[in-house]
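J.: First, the structure itself, so that you have it in front of you.
The values are calculated or read from the model by the stated rules, or taken from the named source; none is laboratory data. In this text the structure is predicted, and so the values were computed from the model without any measurement. When we count neighbours, we look across all protein chains shown, and the Cβ atoms used for this are built from the backbone with ideal geometry, even at glycine. Remember, those area values only see protein heavy atoms, side chains included, never the ligands or the DNA or RNA. Shrake-Rupley method; radii C 1.70, N 1.55, O 1.52, S 1.80 Å.
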Amino acid sequence: MTQKQIQNEDSTESLIETLHATRRKSSLIINPDYLDDEKLPEEERTAVLKEIFNRNIREKQLSRIISHLTPVLDGDSPPAAMVFGPTGSGKTVTLIHVLSTFCKVAARHSVKFRYAYIDLTSPKTYFAALNEVAIALDGSNRKYRKGIPIQYMQELIIEALSDYDGFFCLLIDEADNIHPNSDAFITFLAKTLPRKVHCRLILIMLTNRLDWEKTLDARILSFLKKTDILFEPYDAMDLLEILQLRVQKALDKNRVEQGALNKVAAYASRDTGDARKAVELLAKAVKEAEKASGRLTENEVDIAEYQLEVDKTEQLIKALAKQQQFVLHACYSLFLNDSYKITTGQAYEIYKTACSDARLHPLTQRRFSDILSALDLYGLINARVISRGRYGSTREIYSALPEEIAKKFLKGDWSMHTDD
């Protein structure tokens, strides 16, 4: 090895050490796992949730669920419950916390009470949904193979409950996620299964859709005699409590300004009230802070919030179909040439030229208009129909993207597909 190579190697080692020291100096993170629930071991995740509930977060929702279940302690069966609420409002974690705690209280009252969590968060067929129930009841991780008759799957579930004579709660997460519909699944669990087993079944069904019950057969709603429980989105104060707990566990709290946490909670409560989104924004802001001063301020939160929106928009544009990208490109070619608003006809002419240059067969103007409607629905453009009296109507199109993203798209930083 030459002297020059040795010097180069030494300088590289020095650079590694320097950058590592800089990173450690500006790092706010003590335990990164607390900024991502998926990385937390089950025991630690449970402990975090227990702390959240001990801070009286979701107290109203806890009271509603517990009030629904307390007849069990006197030997009475409550009706089925349908729990509504938007994504990230804490339905699943709250119900699991309540049911696991209720098991202990019921034992003190000499009441047999158990529950099983049925995960239907990804779309399932009727067979796959029964499969999840069977797996939850027999405590295994095995999947029953396809091709087994539905009746056999039902018998497996009946057999799993045959020797139990207490109260058994089935917590079904996203019960509306069964295709083509949930009717057969709900009928089996709420009507057929209780007649076949000795235990007293309690159904609790979670859904993000307020209108889900309208899709169910009227006869199902009749025999369910359900109770509705609503989970409102988290408000800013609830989100602030959750964020402060995360900061205590994950970050150097001496380098986190209270105003920054207030702003994260305000952004998240303003948009969706989703706790996951609030923690995601906090994690993004921490990364921005580590790139800068090593201190989390309101400025880093503003940057992170904007960056998350940019990232989401970029992903959406990249996922568009070929023709959708060409239509969007035609619109923003006009917008960035100082056109405040454009019409369908103007955009269509630019689109045809772009298709010709790319040797792509252009769509008809009618199909072009359909794509404009889809892009409006995605929030990538703003389109509105303007009446011109006896001269008919036209659609006026306005920009909906930040200029930075629009320019990046037109430059071709996200290449439009031109192959068939």
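J.: On the basis of being closer than 30 Å to D211 by Cβ, in contact (Cβ under 8 Å) with a residue 40 or more places away in the chain and buried (at least 18 other Cβ atoms within 10 Å of the Cβ), does S89 make the cut?
T.: Spelling it out, S89 is indeed closer than 30 Å to D211 by Cβ, in contact (Cβ under 8 Å) with a residue 40 or more places away in the chain and buried (at least 18 other Cβ atoms within 10 Å of the Cβ).
J.: Among the residues of region 350-388 satisfying the criterion of being in a strand (DSSP E or B) and farther than 18 Å from F409 by Cα, which is least open to solvent (accessible area, probe 1.4 Å)?
T.: A383
J.: Among the listed residues R55, R114, R64, which satisfies the condition of being basic (K, R), free of Cβ contacts under 8 Å to residues at least 60 places away in the same chain and either within 26 Å of D176 (Cβ to Cβ) or out of contact with any Gly (no Cβ under 6 Å at 6 or more places or on another chain) (or both)?
T.: From the options R55, R114, R64, the qualifying one is R114.
J.: For the subset of region 389-400 comprising residues that are among the charged types (D, E, K, R) and open to solvent by 40 Å² or more (accessible area, probe 1.4 Å), which member is farthest from L410 (Cα to Cα)?
T.: Across region 389-400, the extreme among qualifying residues is R390.
J.: Restricting to region 306-363, name every residue that is closer than 15 Å to D376 by Cβ, under 25 Å from the mean Cα position of the chain (by Cα) and not hydroxyl-bearing (S, T, Y).
T.: L316, I317, L320
J.: Moving on. Can you work out which of the residues in region 158-211 that are open to solvent by 30 Å² or more (accessible area, probe 1.4 Å) and among the acidic types (D, E) is nearest to the chain's Cα centre (by Cα)?
T.: E174
J.: When Q258 is evaluated against the numbered criteria (1) touching a strand residue (DSSP E or B) at 6+ places or on another chain (Cβ under 9 Å); (2) among the polar types (S, T, N, Q); (3) surrounded by fewer than 16 Cβ atoms within 10 Å (Cβ to Cβ), which criterion, by number, is the only one it fails?
T.: (1)
J.: How about region 266-349: which helices (runs of 4 or more DSSP H) wholly inside it have at least 1 residues that are open to solvent by 10 Å² or more (accessible area, probe 1.4 Å) and within 18 Å of S369 (Cβ to Cβ)?
T.: 322-335
The rows are residues; the columns are (1) at pLDDT below 90; (2) within 17 Å of V310 (Cα to Cα); (3) out of contact with any Phe, Trp or Tyr (no Cβ under 9 Å at 6 or more places or on another chain).
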residue: T344; (1), (2), (3): no, no, no
residue: T364; (1), (2), (3): no, no, yes
residue: A406; (1), (2), (3): yes, yes, no
residue: G412; (1), (2), (3): yes, yes, yes
